[in-house]
Amino acid sequence: MDKLRLGVIGAGSVVREIYRHLYFHSDYSRLLSIEAAADPSAAALSDFCDPYGIAAELRYGDYREMIASIPLDAVQVNTPDSLHEEPTVRALKAGLDVLVPKPLADTIGAAHAMIDAARTSGRLLVVDFHKRDDPRIREAAARYRRGDYGEYQCSVWYMLDKLMVADPNHEPRFFASPDFVERNSPISFLTVHMVDALLSIIGLRPVSVCATSWNQKLSSLRPIAPKGCDMCDTEVRFENGGVAHIITGWHLPNAAHANTVQSARLICSNGMVDLGLDTPGFRELAAEGIQERNPLFRNFEPDGSVSGYGISRPGRLYGQILRFRRGEMSPEERDRILSPVELGFWTTVALQAAERSLALGEGRERGTTRGVAVDVEELVRAELGGAAEAYLRPEATEGACRG
Ligand SMILES: NC(=O)c1ccc[n+]([C@@H]2O[C@H](COP(=O)([O-])OP(=O)(O)OC[C@H]3O[C@@H](n4cnc5c(N)ncnc54)[C@H](O)[C@@H]3O)[C@@H](O)[C@H]2O)c1
């Protein structure tokens, strides 16, 4: 086998912005044969399939029919976060391997069901958290793990999008379908990237989460006034006493120097790391103003191919799936790939805990909501019952969910 026969489930914005480049114009395209696509939206199907000549009979309105009808090795589940579980579990049980874009799922229960289905079906499940392949995050992680900075103490992370990302009144629309802000929050869309990047550096487990949100800008937009928040500050406390504040939102003026204004500072007992995440490449002055360009993430090469860690991360995950299907992966490597840390289980926990914190919080002055502190162990136990121990005390449970 030299190519994976891939079925694409969900062909919306992330496929348009990232994955179609991976599938058809990257160094990893040779690993993949795009066999079919499934999406209930006929418009999404034709936007994706027409340019690449995917035949009409290989376009499905229902992914279940696609999985049942044609020979596939793997699927990629690009549906909204709340719809990752069902297609993933069905595909795993049908003997296919699965890649999902971040986050694994939006609830702890769904994340557990997906991890469990991967382990019991004997297949592979991988999650595309592309920041894990950002060379700066990788290097910071390697140095932290080597002990260069000492014990993690605290950090502040920013990921603030231009307003046009969330504004349904902006033409052309970016990610913002009319109900984008109602279906997504800065926590589910942005905080998960930064929580996961932080966890990939420090490898600590969160123990409590408390969020604050602001709703002042989006509700003032016209003619469509989206119902959702501008910005959230998620405070995460870790098992070693360390703290992080993850500040994310999508209401910066469109004149911002990058689509996503982002940075982080980590302070440890013996040192400090500054990650200038939005100054990765070069500064451009053109008719539209000054912009920071990020060729590290997504780079359009002169030969028409697309590179960068937005492409290499999922590309390398497909390399793993191909090795697994060829029988070239050891059981230990598969166990590591299916560990909760690797699959982003704790990132989903932080996401659900932050949303719970706000849901239980109190509305305050001028559109702010102050959340309550959510205890992570209590939340995982409440969501998973007896299955919680495998995540909370992996050393005491029979290796079911290591890590
Ligand atoms: N890698 C990244 O940085 C990144 C960026 C954006 C989104 N994402 C993630 O990608 C996923 C998709 O996000 P998006 O922005 O493309 O959303 P989107 O709403 O633009 O697209 C989702 C698509 O899924 C389709 N869909 C819905 N139900 C379906 C079903 N049952 N079967 C098949 N298709 C179905 C919709 O019709 C739509 O075309 C989300 O999990 C999101 O968090 C990741």
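Taken together, the values in this text are just the output of simple stated rules run on the coordinates, not laboratory data. What you are looking at is a predicted structure, and each value in this text was computed from that prediction instead of being measured. Cβ atoms come from the backbone with ideal geometry, glycine included; neighbour counts cover every protein chain shown.
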**13 Å beta-carbon shell around D2, net charge (K/R +1, D/E -1)** = +4
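What's the magnitude of the charge dipole for the chain around its Cα centre, counting Lys and Arg as +1 and Asp and Glu as -1 at the beta-carbon? Answer in Debye, nearest 20.
Dipole size: approximately 360 debye.
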**Message:** Only bridges whose two residues both fall in the chain count here: according to DSSP, what percent of them are antiparallel, nearest 5?
**Reply:** 60
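Report the number of Lys pairs in the chain whose alpha-carbons are under 19 Å apart, with separation of 8 or more residues or on distinct chains.
Number of lysine pairs found: 4.
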**Fill in**
For segment 105-188 (alpha-carbon point model, no solvent) the Debye-based log₁₀ I(q)/I(0) at q = 0.22, 0.24 Å⁻¹ works out to -1.06, -1.09
**Complete:** Cβ density ranking, 10 Å radius, fewest first, applied to S33, S155 yields S33, S155
**Loop GluC sites (Glu not before Pro), segment 310-342 (other Cβ atoms within 10 Å of the site Cβ: 14 or fewer; DSSP)** = E328
**Message:** Quick check on the chain: take the gyration tensor over C-alpha atoms, sort the square-rooted eigenvalues as a ≥ b ≥ c, and tell me if it's rounded (a/c under 1.5), prolate or oblate.
**Reply:** rounded
**Item:** Other-chain or far-sequence residues with amide H under 5 Å of I224's (modelled H)
**Value:** none
**Message:** With the cut-off at 1.5 for a/c, could you classify segment 209-294 from its C-alpha gyration tensor as rounded, prolate or oblate?
**Reply:** oblate
**Asked** Considering only A36, I267, L221, whose Cα is most displaced toward the positive end of the charge dipole of the chain, charges sitting on Cβ of Lys, Arg (+1) and Asp, Glu (-1)?
**Response** I267
**Request:** Can you tell me which of 285-295, 75-85 comes out highest on packing, and rank the rest after it, using the mean Cβ neighbours within 10 Å?
**Result:** 75-85, 285-295
**Message:** How high is the relative contact order of segment 135-296? Use alpha-carbon pairs under 8 Å, at least six apart in sequence, and give a whole percent.
**Reply:** 31
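Does segment 135-296 come out rounded, prolate or oblate by the C-alpha gyration tensor, with a ≥ b ≥ c the root eigenvalues, rounded set by a/c under 1.5 and, if not, prolate when a/b is larger than b/c and oblate if not?
Details: a/c = 2.85, a/b = 1.51, b/c = 1.89.
Note, shape of segment 135-296 comes out oblate.
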**Message:** Please give the charge dipole size of segment 135-296, origin at the Cα centre, charges +1 on K and R Cβ atoms and -1 on D and E Cβ atoms. Round to the nearest 20 debye.
**Reply:** 200
**Complete:** Computed from the beta carbon distance with a Förster radius of 45 Å, FRET efficiency for S330 and L392 to the nearest 0.05 stands at 0.95
**Complete:** Exposure-ranked with fewest Cβ neighbours within 10 Å first, T212, T248 stand as T212, T248
**Request:** Pull up all non-local amide H partners of V341: gap of 5 or more, or a different chain, and H-to-H distance under 5 Å with H placed in the peptide plane.
**Result:** none
